[in-house]
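Here's the structure we're looking at; comments come further down.
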Amino acid sequence: MYKRRFFLALFLLTFPFLSPTFLLAEEKNWPVTQETLPNGLEVILLEDHRAPVVTLQVWYRVGSRNEHTGITGISHLLEHLMFRGTPKYGQGEFSRLVQEEGGSHNAFTADDHTVYFENIAAPHLELLLELESDRMANLTLDETSFSAERKIVMEERRLRTADEPAADLYEQVSAAAYTAHPYGWPVVGWMSDLETMTLPEVKAYRQIFYVPNNAILVIAGDVSPAALLPKIKATFGAIRAGVPTPKVTSVEPPQRGERRVKLKRPASLPLYVAAYHVPTLKSEDSFPLALLSVVLAGGRSSRLQTALVEQKALALGADADYDRASQDPPLFTLSMRLAPGKRVQDAERALYREVERLQNKRVSPKELERAKNLVESSFVYGQDSLFYRAMQLGEYASLGDWELIRKFVPGIRAVSAADVQRVAKTYLREDNRTVGILIPEGKPIRERPSGAARGPLH
Amino acid sequence: MKFQLLPLILLLPLCTNFAEAAPLGTRTVLDNGAVLLVAERPSIPMVVINILLKSGAAADPAGKEGVANLTAELLTRGTKQHSAQALAEELDFLGASLGVDADLETTSITLTTLTKNLPASLTLLAEVLTSPTFPVAELDKKRVEILGGLQSREEDPGWVAQRAFLEQLYPQHPYGRLVEGQAATLAALKRDDVVAFHQTYFRPNNAIIAVAGDITQEKFVKLLQTHLAEWQREDIPDISWPEEQQPAAKQITIDKKVTQANVIMGHIGIARANPDYYAVQVMNYILGGGGFGSRLMDKIREELALVYSIGSSFSARKHAGPFTVVLQTKNASASQAVEESLKVINHFVEEGPTEKELTEAKAYLVNSFPLRLVSNRDVAALLPVLEFYNLGLDYPDRYPTLIGQVTREQVHAAAKTYLHTDHLLRVVVADLAQAGLPKQ
């Protein structure tokens, strides 16, 4: 599995805006035990005794951001290879052992990190410690697994990007928006790199990044930290530290003028994306920007929904997305799927009119309050999922400090209407944006199946 | 997604609420006929309400296909007390989310709210349920939106394959229907049709009200008495169902400019009430329902590296739902992937499961249960399903036994009885030239 940062909103539909950042303000709701082992592994344990289950996640601070041209997609390919077995637990054993206990497991790669996770009944947690620490240290990497997973990843790329017009467009927009920074290439990698990558390259890459000092272990659920820590030390603690990982030094220079990309391909309806360079949570502006995305596209009564979908019926749907939990400056995106028969120029004009309204006039106190209420309630609903709580901890810890999540709701509550207006003016500028337009070409509408009876294939 | 292949999660429902055999919730039949199921879970200050109406697109009158969905879509687009926009703003201000979703056999209305806003949110839910106005202007807009949505999905080859498959598998049967209806029937729908559908089916004696979260049964009943006192019962008309028929073996090909062939193959499966349901669950898990470790995944992905994913499922509903195998592979290997999958299925039918496979499948099905009931959303989603299929709130306690007693012979018999590679309907959406398949 791989995901691009600004697809998060599409994946986590239950948290329709700004998913990864809704946090608990109250101290008591984050009973966290934190310890860094001598080998550098960060351990974060969250007690949540509502159900006798646990979530375990291993966050490696490595993603497409750490790659370079020629080996784009190597982080994600390595994620696949992590399921190919170790000398102790051969091919398929990992899945078998976890599933036999009723557990589920998977992994995903993003631009900033690679995450492995399992959900299982609490008594089986030790099995996970054993399996995850074993593959951190002892992965078997051979030509057979490598060439098979390379093919599987190519199929994944075909499935999720090549035959998926929206993903195809986002790939083009990222590539145009970033000229110097690695966020410009896709997490899954370019096809030519997937074709030419070698096993020694994967081995070397793994050696640099799959070390305990580059990882965070998050465990949330029905656990007792006092009993659990010794077990973690006996498994993960025994792995030798690696050398410090290399820093990513590329910095995206300021954009000076709008960039436009068009993508012509078979598709049903035009898609329009405007992507603006914005800061991460290291900037105070990230709070009003988060709120701005909610005013634009959060809930049912948002500005874009009302103007573009309800009133003018120019779009079938419209969205705004901003994920402040990012290592390096991300993109704030506005996107819409055009309604049948509508012109891109008209939809575009209406979209930017909404942006200008926010720049020219402050939101009313009531609208601001509504947006804040949406953020806060979403954050409470987010607690309902144990897995999601662990995700929040891992994401913020990988950015430096899990306790940053405590600052989110107070930070949102402190935003004024003037702040929202200011960030709209500062960042949602024409010169700071990359526009992507998907232009359907070829035959978008399926041909009727002829339905003629035919014999079997063979 | 409105097209009806139920996700696997619905096929493997209904497990136990952990070690202590505490029931999942309480069940009450209200005076107006509604069944109320409440799971008191006070740890987070939120409440999820899921109202399941036992009617959906299958109840669409002939020529008016799409009316159940249109009714659901319009329910929140204006009430006697609120315009669509005012309602949306109020809900957002409360931080509540309210969704209405029509399915083939059911329509669900889901409200998620903070406990402190429950009374206010429930007021809005009651309005939507009992006094929607269905403004004509909103109807016209929604119709365009639904048509646009249908058009936009044509670019998804997986969806195109699925739709062609179900149309062919269930001709003249509600399971072959699009919940959205078709362009022609949608165009003909009038406000009166929507009003009639609402009047007929949105009745308490047709409803299961499930609640999970920070509220007691007693308090919730009082709230219902305040907010939904006017909701009155009416007789619900029966609808007639044609028999499901196994298809003749055939292959349908659809030409599209895609890099991957999208393949769906299968036939008629089983109904939820089928006594072999549990043996079929175990059987399908081993064949292709179990993800990594299933026979299809092991062979087609892990060994041959032809696909990113492949899976099989039995969608068990009130009537016999489909059995399907779904895969995607680069155009050039379409035929190979299909042939290899058929070999896997045939081999499985012949030899049945190994003892090891049986043990592992049963262990997974039983032990994974607790993980499906962690959140309020999980519980609110499961409760009405238990009621809809007459499984009872003690079903969670019975589930480990129901699965536990399945034998190797039963699974083998289930494979022979419910897998028919000689009746396989296949749809391949691909770049046919690249796939080496003839155009039809």
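The values are calculated or read from the model by the stated rules, or taken from the named source; none is laboratory data. Being a predicted model, the structure only gives us computed values, none of them experimental. Note: ideal-geometry Cβ built from the backbone for every residue, glycine included; neighbour counts use all protein chains shown.
When each of A:221, A:298 is tested for being touching a residue at least 40 places away in the same chain (Cβ under 8 Å), more than 30 Å from residue A:340 (Cβ to Cβ) and surrounded by 15 or more Cβ atoms within 10 Å (Cβ to Cβ), the lone residue that passes is A:221.
Checked across region A:344-361, the condition of being touching a helix residue (DSSP H, G or I) at 6+ places or on another chain (Cβ under 9 Å), outside any helix (DSSP H, G or I) and either at the interface with chain B (Cβ under 9 Å from one of its Cβ atoms) or among the β-branched types (Val, Ile, Thr) (or both) holds for no residue. Loosely packed, with under 13 Cβ neighbours inside 10 Å and in a loop (DSSP other than H, G, I, E, B), is that true of residue A:264? Considered against the rule, which asks whether it is loosely packed, with under 13 Cβ neighbours inside 10 Å and in a loop (DSSP other than H, G, I, E, B), residue A:264 comes out as no.
Candidates in region A:420-458 are the residues that are out of contact with any strand residue (DSSP E or B) (no Cβ under 7 Å at 6 or more places or on another chain), more than 30 Å from residue A:184 (Cβ to Cβ) and of a type in the set (D, E, K, R); of these, the one that is modelled with the highest pLDDT is A:443. Report yes if residue A:274 is modelled with pLDDT under 95, more than 30 Å from residue A:43 (Cβ to Cβ) and surrounded by 15 or more Cβ atoms within 10 Å (Cβ to Cβ), otherwise no. Spelling it out, it is not the case that residue A:274 is modelled with pLDDT under 95, more than 30 Å from residue A:43 (Cβ to Cβ) and surrounded by 15 or more Cβ atoms within 10 Å (Cβ to Cβ).
Taking the numbered list (1) out of contact with any Lys or Arg (no Cβ under 8 Å at 6 or more places or on another chain); (2) more than 26 Å from residue B:303 (Cα to Cα) in turn, residue B:378 passes all entries but (1).
When the helices (runs of 4 or more DSSP H) confined to region B:141-236 are screened for residues that are over 30 Å from residue B:44 (Cα atoms) and away from chain A (no Cβ under 14 Å), those reaching at least 2 such residues are found at B:183-188, B:191-201. Residues of region B:112-135 include at least one that is part of a strand (DSSP E or B), outside the structural domain of residue B:394 (by TED's automatic domain parsing) and hydrophobic (A, V, I, L, M, F, W, C).
Screening region B:65-81 for residues that are in contact with a Ser or Thr (Cβ under 6 Å, 6 or more places away or on another chain) and within 18 Å of residue B:184 (Cα to Cα) and picking the one that is surrounded by the most Cβ atoms within 10 Å (Cβ to Cβ) gives B:66. Quick check on region B:70-77. Is at least one of its residues within 12 Å of chain A (Cβ to nearest Cβ), more than 20 Å from residue B:218 (Cβ to Cβ) and out of contact with any strand residue (DSSP E or B) (no Cβ under 7 Å at 6 or more places or on another chain)? For region B:70-77, residues within 12 Å of chain A (Cβ to nearest Cβ), more than 20 Å from residue B:218 (Cβ to Cβ) and out of contact with any strand residue (DSSP E or B) (no Cβ under 7 Å at 6 or more places or on another chain): present. The set of residues from region A:280-312 being among the small types (Gly, Ala, Ser), assigned to a loop (DSSP other than H, G, I, E, B) and more than 15 Å from residue A:374 (Cβ to Cβ) comprises just one member, A:283. Being surrounded by fewer than 22 Cβ atoms within 10 Å (Cβ to Cβ), more than 12 Å from every other protein chain (Cβ to nearest Cβ) and within 22 Å of residue B:427 (Cβ to Cβ) narrows it down to one residue among B:246, B:251; which is it? From the options B:246, B:251, the qualifying one is B:246.
In region B:89-109, the qualifying residues are those that are of a type in the set (Asp, Glu) and facing another protein chain (nearest Cβ under 8 Å), and the one that is surrounded by the most Cβ atoms within 10 Å (Cβ to Cβ) is B:92. Residue-level check: of (1) within 23 Å of residue B:373 (Cβ to Cβ); (2) free of Cβ contacts under 8 Å to residues at least 24 places away in the same chain, residue A:92 misses just (1). In region A:37-70, of all residues being buried (at least 24 other Cβ atoms within 10 Å of the Cβ) and in a loop (DSSP other than H, G, I, E, B), the one that is nearest to the other protein chains (Cβ to nearest Cβ) corresponds to A:63. Please go through region A:237-295 and pick out each residue that is among the acidic types (Asp, Glu) and either touching a Lys or Arg at 6+ places or on another chain (Cβ under 7 Å) or within 14 Å of chain B (Cβ to nearest Cβ) (or both). Scanning region A:237-295 gives a single hit, A:258.
Residue count for region B:321-373 satisfying the condition of being facing another protein chain (nearest Cβ under 8 Å), of a type in the set (Val, Ile, Thr) and within 23 Å of residue B:305 (Cβ to Cβ): 2. State which residue is farthest from residue B:327 (Cα to Cα) when the search covers only region B:165-206 and only residues that are out of contact with any Gly (no Cβ under 8 Å at 6 or more places or on another chain) and among the small types (Gly, Ala, Ser). Looking at the filtered set, the residue picked out is B:196. Within 11 Å of another protein chain (Cβ to nearest Cβ) and either touching a Gly at 6+ places or on another chain (Cβ under 6 Å) or among the polar types (S, T, N, Q) (or both): does that describe residue B:421? When the stated conditions are applied, residue B:421 passes them.
Give all pairs with beta carbons closer than 8 Å in which a residue from region B:64-80 that is in a helix (DSSP H, G or I) meets a residue that is surrounded by 24 or more Cβ atoms within 10 Å (Cβ to Cβ) and of a type in the set (Asp, Glu); count only pairs at least 6 apart in sequence or on separate chains. What qualifies is B:67/B:60; B:68/B:60. If the condition is being at the interface with chain B (Cβ under 8 Å from one of its Cβ atoms) and buried (at least 22 other Cβ atoms within 10 Å of the Cβ), then region A:96-138 contributes A:99, A:102, A:103, A:119, A:120, A:121. Can residue A:240 be described as free of Cβ contacts under 8 Å to residues at least 24 places away in the same chain and part of a loop (DSSP other than H, G, I, E, B)? In short, no. Just so you know, in region B:306-319 the residues that are crowded, with 20+ Cβ neighbours inside 10 Å and not in a strand (DSSP E or B) include one that is nearest to the other protein chains (Cβ to nearest Cβ), and it is B:308.
Answer yes if at least one residue in region B:118-125 is facing chain A (nearest Cβ under 8 Å) and either free of Cβ contacts under 8 Å to residues at least 24 places away in the same chain or surrounded by fewer than 20 Cβ atoms within 10 Å (Cβ to Cβ) (or both), and no otherwise. For region B:118-125, residues facing chain A (nearest Cβ under 8 Å) and either free of Cβ contacts under 8 Å to residues at least 24 places away in the same chain or surrounded by fewer than 20 Cβ atoms within 10 Å (Cβ to Cβ) (or both): absent. Residue check: residue B:216 meets all listed conditions (1) crowded, with 20+ Cβ neighbours inside 10 Å; (2) assigned by TED's automatic domain parsing to the domain that holds residue B:110; (3) touching an Asp or Glu at 6+ places or on another chain (Cβ under 6 Å) but one, namely (1). Can you name every residue in region B:220-243 that is free of Cβ contacts under 8 Å to residues at least 40 places away in the same chain and surrounded by 13 or more Cβ atoms within 10 Å (Cβ to Cβ)? Listed by number, the list holds a single entry, B:234.
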